[in-house]
Structures are given as structure tokens and as C-alpha cells.
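Notes follow once the structure below has been shown.
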Amino acid sequence: MFAFEKETEVKDWMRRNYLTIQHTSIVRDAIHLVMQVELNELPVIQEDKIIGVFNLKTYVQALQSAEQIDQTDSVTKWMSKTFAYVMENEKMMHIETVPSYVVDTDYTLIGVVDQAVRHDYHKAAVQEIKRLQELDHWYSLTFDLAYEGLVIVDNDGIIRVMNDAYCRYVGLNKEQAVGKRAADVIENTRLPVVLKTGVPERSQAHVLGGHNLVVHRLPIWRDKKVVGAVGMLLYEGVAEIYQAVQRMQKLEVTDKEGLHIHWESEEERNAVVRFDDILGDSLIITRTKNIAIRASDTKATVLITGESGVGKEQFAKAIHDMGVMKAGNFVSINCAAIPDNLIESELFGYEEGAFTGAKRGGHKGKFEMAHNGTLFLDEIGEMSLNIQAKILRVLQEREVERIGGTEAIPIDTRIIAATNRNLKEMVQAGEFREDLYYRLNVIPIEIPPLRERLTDIPLIVSHKLRELAKKYGKEKTIEEQIIRKFYNHSWPGNVRELVNMLERLYVLTDEDHIRINDLTIHLFQEHEQTIESPVHTQPVENLEELLEMEDKRSIIRALQETGGNKTRAAQLLNISRATLYNKLNRYKMS
């Protein structure tokens, strides 16, 4: 039996094995069949289409009325043409009459919903209600016992839910707080601002009841509108923040007295890229980050692919900074930016006197500079076949020879390559070496374009606004309608385009609140005129549809990568196999 869902369709529950009576049958055979299976009626079909039902009750009533019935009569003479039928995509919860015959658009009989089927459905419904009641009980317990203060407001700023922890800070009980405006209950609240902008405010300082707190303020989006907001109290005072940081920071042994915390300077923090710095919590970017995290634990070569502006170098830097090669240098070279006659010396270095203008004492190449570290070869698809051959040799031999030199220099360098081109197609066209492609493609990481993870936009906007406030010394907020506009843009320039757009708005807007009018026709349409989005042929009006679209895309990609193996696909998606099957049924994906 299928897992119960309120909106489950008839096709998920109907009985597919059932008896029928052919329209050419006679009454005697029909009576015998009906009595044999102990049913009141059976469908009469002609060319697989239901044309009526032979009902035992109707037959008995005919006998009682002294009608002349010849048992050799055709069953069609005594069948009833009045019967209940439904389409396979109708909802089970709407079935009132049994038996109901399930037909397709041509009225071909494909199933039956009888008393037993409806009983199973209702039994599952009762079990689901009990499960939801128990789940609601646990939600209530968890919500009230949570250490963090939690409050939920609707789109009018009215408090709908507040847990005990939050009540303690505002000095009211739930009955006194729920139903009132958040601005009248919570001092210094910015939840009305979040409702207005639709942009999350994470890890913000807030004073409440004399307590210094760190809070999250998160908008609740539905049908592409902000319908509410959540406030979360995370830490109280500096002591709790320090305790959290102390658990995260590495400990350094200094002397016999014990341990010393190494506090990173702002310069150190900015120099290091963590995977948390790659903004986004959508399923597709989370899965991409998980692959990169696993790659960082090895020295294996990584090939990062993706459109321009998706953040390939940020991924490469995070793999190095958080990986096994982090003690060494991260050396980057853009293969498209250096002419062919210079790139060889840049990569492999040269000895003194190797050519006219060579530096005295020679020069280390990028491979040597990245010894015990990482060499990032950006835009490797732009490299000539001649240089490709020499890089292949370095990867095979794990040693490099300078121009004009005679000695091979051993290197232990981790290679990360990146490109926005299709290297497979380049191999087929003879533009890229096949052997080098396979050497590079040990751990492939494809970074999704922004149009495939539009739900990450509010998080990126929130982070960038904080950066811009720090850069320009002035805080600004953004109107919710702009975020809606962003959802309907296909972002050919990806995250880079979004970031540049935000900074442009920030600089060109005089007021502290960026409004939809500030997003001038010229400012936005210059990007839209050349866009042919492969994802949205129509504007996204429903955020739930957007999430469903993204979910479908992730499922398709997982199935493609596993050759259709649903067990392995479920593992890739980090869901159970049953959940995957439910989604396949819900999305009508074969």
C-alpha cells in the first residue's frame, strides 16, 4: 500500500486486477460470474471500454416484477448504463461512491475503486492523522523546550507564535504576546523591516530586555510573497559567542600552563575561504559543496566546470584552504590571460640565460611555487595543445624542468583546473588532449548557474548588503519587490552579475532604502534583452513551483549520474528510497 498523502491520486490506490464481463456474454454466464466472486456488480466492456454494469440487484428486481428474462439474452439487454466513474488523476479524498470505475480520456477501463480500496485508504488516513497528532505534540515540545527564543509573525507583523524562551525575554506569557503587533511587544524589533524587504538578517546584534543578543530575522516566502517572518535569539552576551568560537577555533599548545586560543585577525579571515563562505543552502549548491568538501580531503586532481561568474575560483580556494594542502601556497594562473609565448615560462620557470631578458638567477614557475600546495589553472580550455602536452608530462612524472635547465625538479603539487567550456566537445573537435582531459577529470565538480538555484538569492543579497555597508560606511535595506524581480531574471552572468547589480544599486541610490523605482528600466533591461532563459519560459509567480522545479532538476541529475539506479540516486540526494519514489510519483516522473 502507498504511503498516505492527502492529495494522493486515484491511480495510486485503484485495483488494477479486476473481473469484467464482455458485451457478447449472455445473462446466465454473467449471473454465474457475479455469484462466483460474491460481488453485487461487474463492469460490462466492449473493446476495453466500459459501456455499463451488470448488477445482481437490478436482475433480481426484474424477476420480482415478473419480467420475462431469457438467460440466453445478451447481457447488454439487462445491464445498467448508470454507474460511477472517475479519472485516474482525480483525488482519492473526493471518491464518494463505490464501486467507482477508473477510466482514461477514451473511457477505457483501467482500474476499480471498490469498498476494500476505500477501506484501505480511510485506514491509512486515520493512521496519518494519528501520526500528525504525535508529530504536532513533538513539535510543540521542541518549540517550547528550545533554548533559543523563537517568534513567528504574519505579514501584518502580528505575533502568531512565541515560545517560552522568547517570552522570558519580553516579560510576557504567550497569551499576552500572541495576537499583538511585534513592534508593541519586542523592543527594537526589525521584524517589520524584514517583512518589508524580504531579505534575511543573520547574526545581528540586538538589545532586548537589557540583554545583548545575537539574532536571526528570516522572512517566510510563499507564492512569491513574504507572508511572515521568524525571529530567533541565538546567543546572549559576548561570553556565549566566545564559547562558541572557542569550540570552533583550533587550539594551539603554547606552554605547560595549558592551551592558548589563536584568534584570527580580520586579514587572516579574509584571506581564507571556507565552504561556509560559498553562499547558498539550496539542495543543488549544498550537494556541490559536499563534493568539494570530500575532494578537499585528498590530493586528487579536481576539474571545476561551470558558466562564467558562478564562483569557480572561490570553490578552488576553499578546497585548498580547507584541505590537506592548506599548509602550502595557493597559486593561481589564468591560462587565457597570458600569451602562448609567455605562459610556458610562467608555468615551468626558467634558468639564468635561458633567453634574452631572463632574470639573473632564473625564475621559479607556478608549479614550483605551488610545491606542497595547490596550483589553480583557470580557463584551462584556452590553453594551446603544445602547452597541454607539457602539463600532461608534469602530471605524469610529478616533476618539472625549467626552460634552459637540465635537471628535473620534483614537485608535490595539487592541481585544480577550471573552465567554462565543454572539454568533452573540445576533445572530439581535436582542440583539447584526451589524455590530459582524463588526467584532470579525476574529481569533476560542476557548479550550477544561479538560475538553477534562485532560492539562494535572498541569502546572497543579505550577505552582500552587509559587505557593502562595511565598504561604504552606510547601511541600506532593499525592497521586497526587487527580490521578486530577481526571481524572474535568468542571470546569464550568475552570482557575479547579481553582486555587481547590488553594488550598482547601492551606489546609485541616495536613500537608505533601495526601492523598485531605483531598479531603472535601463539598469535591468540591459541585462534582460539578450537573455534566453533555459529554465523559465514564463515568469515565476509561485515560489513553491520554483522549489518543485529545483527538486525535479536535482532528481533528474541524480538519476542520470547513477544510470537510473534509484537506490544510489537516493543516497546522492541524501533522502530515503521511499521518499524518492514518493517524489517520482508526485512529480509524475517515470
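The values are calculated or read from the model by the stated rules, or taken from the named source; none is laboratory data. Please read all numbers here as calculations on a predicted model, not as lab measurements. Using ideal geometry, Cβ is built from the backbone for each residue, glycine included, and neighbour counts are taken over all protein chains shown. To get the accessible areas, we keep the full protein, side chains included, count just its heavy atoms, and leave off ligands, DNA and RNA. Shrake-Rupley method; radii C 1.70, N 1.55, O 1.52, S 1.80 Å.
Brief remarks follow.
- Distant-in-sequence amide H partners of Arg15 (H built 1.01 Å from N, under 5 Å): Val112, Val113, Asp114
- Extension reserve of the Asn188-Ala389 stretch, reckoned as 0.36 nm per residue once the Cα distance is removed: 66.0 nm
- Paramagnetic reach from Ser80 (point 7 Å along Cα→Cβ, amide N under 18 Å) across the range 103-127: 112-116
- Total formal charge among the other residues, if their Cβ is under 10 angstrom from that of Leu150, Lys/Arg +1 and Asp/Glu -1: -3
- FRET efficiency for Lys91 and Arg515, using Cβ-Cβ distance with R0 set to 60 Å, rounded to 0.05: 0.90
- Only protein atoms count toward the accessible area here, which uses a 1.4 Å probe; on the range 41-156, the carbon and sulfur part of that area reaches 51 percent.
- Taking the convex hull of Cα positions in the range 451-492, its mean projected area over all directions (nm²): 3.2
- Under the Karplus curve 6.51 cos²θ - 1.76 cosθ + 1.60, θ = phi - 60°, whole-Hz ³J(HN,Hα) for the range 201-206, x wherever Gly or Pro sits: 10, 9, 6, 9, 6, 8
- Average accessible area per residue (Å²) across the range 129-225 - probe 1.4 Å, nucleic acids and ligands excluded: 57
- For the range 29-56 versus the range 298-337, the spacing of their alpha-carbon centroids is 70 Å.
- Candidates per GluC sites (Glu not before Pro) in the range 356-418, loop by DSSP, up to 14 other Cβ within 10 Å: Glu407
- Average accessible area per residue (Å²) across the range 62-120 - probe 1.4 Å, nucleic acids and ligands excluded: 59
- Calculated FRET efficiency for the pair Asp48/Lys123, C-beta based, R₀ 35 Å, to 0.05: 0.65
- Between Gln22 and Leu56, the FRET efficiency estimated from the beta carbon spacing at R0 = 22 angstrom works out to 0.80.
- Gain in span if fully extended, Val227 to Glu352, counting 0.36 nm per residue against the direct Cα distance: 38.1 nm
- Electrostatic bookkeeping for Gln115 treats Lys and Arg as +1 and Asp and Glu as -1; over the other residues with beta carbon under 14 Å from its beta carbon, the sum is -2.
- Using the Cβ of Phe275 as centre and a radius below 10 Å, the other residues enclosed give a net charge of -1, where K and R count +1 and D and E count -1.
- Across the range 50-159, the relative contact order, built from alpha-carbon pairs under 8 Å that are at least six residues apart, equals 17 percent.
- Sparse packing (at most 11 other Cβ atoms within 10 Å of the Cβ) combined with a DSSP loop state is found for the following chymotrypsin sites (Phe, Trp or Tyr not before Pro) in the range 103-169: Tyr147.
- Calculated from backbone phi, Karplus (6.51, -1.76, 1.60) coupling profile of the range 314-326 in Hz, x at Gly/Pro: 4, 4, 4, 5, 5, 4, 6, 5, 9, x, 6, 9, 5
- Gain in span if fully extended, Glu497 to Arg421, counting 0.36 nm per residue against the direct Cα distance: 25.5 nm
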